[in-house]
Every structure is written in C-alpha cells, then in structure tokens.
Amino acid sequence: MIVGIDFDNTIVCYDGLFHQAAVSRDLIPVETSPAKEAVRDVLRATGRETAWTELQGLVYGHEMQRASPFGGVAAFLKRCGDERVVVNVISHRTRQPFAGPAIDMHDAARQWLNSQHWFSGDDHGLDPQRVYFEETKADKLGRIAATGCDLFIDDLPELLGDPAFPNGVTRLLFDPHATRVGMTEFQRVGSWPEVTDLLFPQGGR
Ligand SMILES: [Mg+2]
C-alpha cells in the first residue's frame, strides 16, 4: 500500500500558534479563541486582510519550528514503517510568503520534519526522498498520481474534490475539529489514531 499525506494542518497542527503570533503583535485581543479560523475572522472583520496574509507567512515560515504534530502522527508513521507501507508527504506550499519578510518556506518545512526524527534512520520509515513540496495545486495533484498513492489524506475538501484529483485514489478528509460533519462526499477521519485503526484494522500485531 502507498499512502499520501498532506502537510499543513494535516500533519502539522498550528492550533494556538496563529493566536500567539497575533497576540504578540497586538493584532487581536487575547480573549480571541485560539483556533486559526477565529484569528482569521477577527482580522478580516476589521479589514486587515494584509495582516492575515503576513501572519500566515510568519507561522508557516519563521515561527513554524514552534508548531507541533497532531497527536498520533508519529505512531502512525512508525506503524507504516513496521508494515512496509510507503508514505509520501505531498504538500502545496508556496516557497516565499505572499507578504512579510522573505523566508524559504520549503526549507522551513523540511527543517521542521527533520526535527521530528521520523525518517527511516530514526525507525519511522519516512524517506526524505518521498517528501514533496509543490508550488501549485495542479503540481500537487500530479504528484499524488505520479507517486502511485492508493490513498490520500488532506484537510481541504477543495483539494479532494478537485476535478483533476486522480481517479482510483481513496480520499480521506482529515477533520480534527469536526467542522465538516455534514460533508458526506469523502470519508472523514478525526484523528491520527483513527487513521491508524482504519488502515491497520487488526489493532495490535
Ligand atoms: Mg493542508
């Protein structure tokens, strides 16, 4: 089996980080909910779309080393290594932020992955050669097809529902905050332990 996984907001959890970055720059009141969407909504509602764009550049770039993986990702990758399941990490991420200070956001993402110790030498079976940062959605979809994924996990229904999404690839919608409950087009998964149970249904080996 070959599994494909999105990166931002699927592997990496930014909960709290947008809030912290925005509060520390006096962009939002500290009482704002820590969810990324809440921070975005406050900035948009007050006409500060540019500040939101800059904040994304900061969080996905300079501040990203402070982000955490979603719970259970490491155990999932370890299990894939044990079961000889090939994992591709396939992300659509611009190389430079649209606004704010310049930084190579692909490098920042690779550094973050390195610091998790998930690569094969660390017994988790993730191969650095199978980590792809694409600059466009079309390239991401092309990569999902080219790497022969049997299954792809992503937090964005727009990606999974794209007309160019490759045929024959099972689509899992990662929905950790249960904000897409009404969406029946794709199978929803709420956590990485749930993904692990779904792919390895026997439980213990
Ligand atoms: Mg994502």
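Per-structure values
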{"read-out": "Residues satisfying the stated conditions in the stretch 61-75, i.e. in a loop (DSSP other than H, G, I, E, B) and out of contact with any helix residue (DSSP H, G or I) (no Cβ under 7 Å at 6 or more places or on another chain)", "value": "His62"}
{"read-out": "Failed condition for Glu31, given (1) of a type in the set (D, E, K, R); (2) more than 14 Å from the chain's Cα centre (by Cα); (3) within 30 Å of Leu199 (Cα to Cα)", "value": "(3)"}
{"read-out": "The lone exception for Ser120 - which of (1) open to solvent by 10 Å² or more (accessible area, probe 1.4 Å); (2) polar (S, T, N, Q); (3) under 25 Å from Glu37 (Cβ atoms) it fails", "value": "(3)"}
{"read-out": "Scan of the stretch 75-94 for residues that are free of Cβ contacts under 8 Å to residues at least 60 places away in the same chain and either surrounded by 17 or more Cβ atoms within 10 Å (Cβ to Cβ) or touching a Pro at 6+ places or on another chain (Cβ under 8 Å) (or both), ordered by number", "value": "Leu77, Lys78, Gly81"}
{"read-out": "Extreme residue, nearest to Cys13 (Cα to Cα), among residues of the stretch 167-178 that are more than 13 Å from the ligand (Cβ to nearest atom) and either free of Cβ contacts under 8 Å to residues at least 40 places away in the same chain or assigned to a strand (DSSP E or B) (or both)", "value": "Ala178"}
{"read-out": "Which listed residue, of Gly47, Gly16, is surrounded by fewer than 17 Cβ atoms within 10 Å (Cβ to Cβ) and under 18 Å from the mean Cα position of the chain (by Cα)", "value": "Gly16"}
{"read-out": "Meets criteria (within 16 Å of the ligand (Cβ to nearest atom) and out of contact with any Ser or Thr (no Cβ under 8 Å at 6 or more places or on another chain)) for Leu199", "value": "no"}
{"read-out": "Options Pro97, Pro128, Pro101; residue that is farther than 23 Å from Cys149 by Cβ and surrounded by fewer than 18 Cβ atoms within 10 Å (Cβ to Cβ)", "value": "Pro101"}
{"read-out": "Within the stretch 1-16, considering residues that are hydrophobic (A, V, I, L, M, F, W, C) and assigned to a loop (DSSP other than H, G, I, E, B), the one farthest from the ligand (Cβ to nearest atom)", "value": "Met1"}
{"read-out": "Residues within the stretch 17-56 that are within 16 Å of the ligand (Cβ to nearest atom) and within 30 Å of Pro128 (Cα to Cα), tallied", "value": "4"}
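The values are calculated or read from the model by the stated rules, or taken from the named source; none is laboratory data. What you see is a predicted model, and the numbers here were worked out from it, not measured in a lab. Note that each Cβ is placed from the backbone with ideal geometry, even for glycine, and that neighbours are counted across all protein chains shown. Heavy atoms of the whole protein, side chains included, go into the accessibility calculation; ligands, DNA and RNA do not. Shrake-Rupley method; radii C 1.70, N 1.55, O 1.52, S 1.80 Å.
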